[in-house]
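The values are calculated or read from the model by the stated rules, or taken from the named source; none is laboratory data. Given the structure is predicted, the values throughout are model-derived calculations rather than measurements. Cβ sites come from the backbone with ideal geometry, for glycine too, and all protein chains shown count toward neighbours. The area values use the complete protein model at the heavy-atom level, side chains included, leaving out ligands, DNA and RNA. Shrake-Rupley method; radii C 1.70, N 1.55, O 1.52, S 1.80 Å.
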Amino acid sequence: MTNIGFVGLGKLGLDCAEVFAEKYTVRGYDIYPRTSDSVKVCDIDETVNASDWIFIAVPTPHAEGYDGSVPSSHMEPRDFGHEAVLDAIDKINRYATSPKKVVLISTVLPGTTRRKFITQLDPRHQFLYNPYLIAMGSVKWDMANPEMVIIGTEDGELTGVAGELITLYRGIMKNDPRYEIGTWDECESIKIFYNTFISAKVGLVNMIQDFALKIGNINVDVVTNALSRSTMRIMGPKYMTAGMGDAGACHPRDNIALRWLAEEYNIGYDLFDTVMHAREIQAENLANFLVKEAQDRGLNIVIHGKAYKPDVPYCIGSYSTLVGHYVKAAGMSVSYLDPLADDPSEVVAEVTAPAVFLWAHNRKITYEYTGDQLDTQPYCAIPEGSVIVDPWRKLHTSQTGFTVIHYGNTRSR
Ligand SMILES: NC(=O)c1ccc[n+]([C@@H]2O[C@H](COP(=O)([O-])OP(=O)(O)OC[C@H]3O[C@@H](n4cnc5c(N)ncnc54)[C@H](O)[C@@H]3O)[C@@H](O)[C@H]2O)c1
């Protein structure tokens with residue numbers, strides 16, 4: 001018989017414990033009195049010691065005034081509170097008479113588990129980070145019908161205990177969800193960026209509503225319905241691979257023009273400024289990464305692809321040249337490899353000495369929605385001893401003669 005313990009029987013914990021109780025024996029502990037028909041509410045000693053699994057569902061509260069029900073965007077950013085999680089870990093350490101499988105459900109920011117919790121948990125216990133995508137009002141349904149189950153392990157591998165947790169969930173699921181396994185930090189990110197993607201989406205959609213009111217002759221639903229049926233680029237996985245920034249003859253300038261429109265109609269905020277600012281700082285971050293690699297190794301910087309995308313000559317709105325701008329601002333020179341580029345400045349036909357290459361073009365990512373699956377081929381021979389920084393993380397890292405760095409994957413560091 002599987003015995004499950006819950007520490008924290010609040011809005012999330014109690015309903016989730018009761019879903020588990022439909023299949024397993026469940027005990028629960030809370031610092032406040034709680035009642036349940038199916039979960040045995042008891043003290044921490046019994047909850048911990050009668051259970052193989054201990055789920056922590058205690059609050060990670062925001063500070064007073066940070067819930068979004070009153071204006072808060074002007075306030076100093078604050079992390080969540082971790083006292084209750086640390087208290088739960090401390091109690092598990094003190095009361096457990098045998099090793100336990102500890103599962104943290106509570107929402108925390110990326111990096112918190114590794115930095116703050118693992119250092120406190122007695123190493124004889126196994127630990128998983130398993131945040132829920134559950135909404136108030138439908139907790140029990142969401143618990144048994146999740147879009148995905150997120151399971152974080154130390155190194156992101158499907159460990160034995162992670163596999164056991166999947167088996168545990170299979171016993172209660174009413175659908176057949178995806179199980180997404182990652183490091184603790186990746187799973188913290190999946191949870192928090194899932195929520196904030198929704199916030200960004202709602203913010204954009206409601207901004208169109210604001211424009212409708214200011215400009216006139218616009219029913220916001222006509223606009224958003226057309227966009228919501230746009231499954232080729234907007235409502236789907238396209239543009240979900242981090243890499244080079246948005247570029248081309250249309251996108252950057254459209255954002256810049258909308259900045260003007262937001263001001264003209266006195267919308268009161270400027271999301272496009274934020275988007276464009278982020279795009280520039282992201283380019284600068286990438287440039288600084290190239291500069292550091294180049295300086296550490298005494299190499300030059302070459303950007304592989306100058307046009308804003310592969311197979312076209314157009315350098316207008318190119319993110320490659322934006323990165324190149326910041327490379328030069330950091331005091332290094334840059335050259336480009338691109339047989340098609342319509343702007344020949346700083347373009348070279350070949351590179352003879354080892355260099356740090358930015359693998360800007362990835363034609364498969366750009367064109368695979370058309371059914372074209374061909375990878376970008378090198379625009380010239382890559383000298384031995386070179387370093388290729390691949391912002392798309394698609395090149396094999398085990399290549400002889402040069403080093404490939406997957407920009408954006410810090411798992412191994
Ligand atoms: N409520 C949701 O819809 C939801 C969804 C997903 C994730 N979460 C996350 O789950 C966590 C819990 O959320 P919630 O909404 O259930 O919070 P809650 O405040 O309703 O419940 C937390 C419970 O933990 C108890 N508690 C507090 N400190 C304790 C301690 N030291 N030891 C034992 N019990 C303690 C409280 O008495 C309370 O009953 C939070 O991190 C939250 O962000 C909540």
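What pairs can you find where one residue is in the stretch 237-261 and free of Cβ contacts under 8 Å to residues at least 40 places away in the same chain, the other is outside any helix (DSSP H, G or I) and crowded, with 16+ Cβ neighbours inside 10 Å, and their Cβ atoms are less than 9 Å apart, with a gap of 6+ or different chains?
Taking only residues 6 or more apart or on different chains, the pairs are Tyr239/Asp246; Asn255/Asp246; Leu258/Asp270; Arg259/Asp270.
Out of all the residues in the stretch 125-144, which are open to solvent by less than 30 Å² (accessible area, probe 1.4 Å) and either assigned to a helix (DSSP H, G or I) or more than 10 Å from the ligand (Cβ to nearest atom) (or both)?
As a first pass, look at the stretch 125-144 and keep what is open to solvent by less than 30 Å² (accessible area, probe 1.4 Å): 125, 127-132, 139, 142-144.
Scanning the stretch 125-144 gives His125, Phe127, Leu128, Tyr129, Asn130, Val139, Asp142, Met143, Ala144.
So, of the residues in the stretch 31-52 that are under 11 Å from Val7 (Cβ atoms) and open to solvent by less than 30 Å² (accessible area, probe 1.4 Å), which turns out to be nearest to the ligand (Cβ to nearest atom)?
Within the stretch 31-52, the match that is nearest to the ligand (Cβ to nearest atom) is Ile44.
Here are the criteria: (1) part of a helix (DSSP H, G or I); (2) crowded, with 16+ Cβ neighbours inside 10 Å. Tell me which single one Ile256 does not satisfy.
Tallying (1) part of a helix (DSSP H, G or I); (2) crowded, with 16+ Cβ neighbours inside 10 Å, Ile256 fails exactly one: (2).
Considering only residues that are within 12 Å of the ligand (Cβ to nearest atom), free of Cβ contacts under 8 Å to residues at least 60 places away in the same chain and open to solvent by less than 30 Å² (accessible area, probe 1.4 Å), look in the stretch 11-29 and name the one that is farthest from Asn93 (Cα to Cα).
Ala17
Determine, yes or no, whether Thr370 is open to solvent by 70 Å² or more (accessible area, probe 1.4 Å) and either under 25 Å from the mean Cα position of the chain (by Cα) or in contact (Cβ under 8 Å) with a residue 40 or more places away in the chain (or both).
Values: open to solvent by 70 Å² or more (accessible area, probe 1.4 Å): yes; either under 25 Å from the mean Cα position of the chain (by Cα) or in contact (Cβ under 8 Å) with a residue 40 or more places away in the chain (or both): no.
No.
Looking at the stretch 240-253, which of its residues are closer than 19 Å to Ile281 by Cβ and in a loop (DSSP other than H, G, I, E, B)?
Ala242, Gly243, Met244, Gly245, Asp246, Ala247
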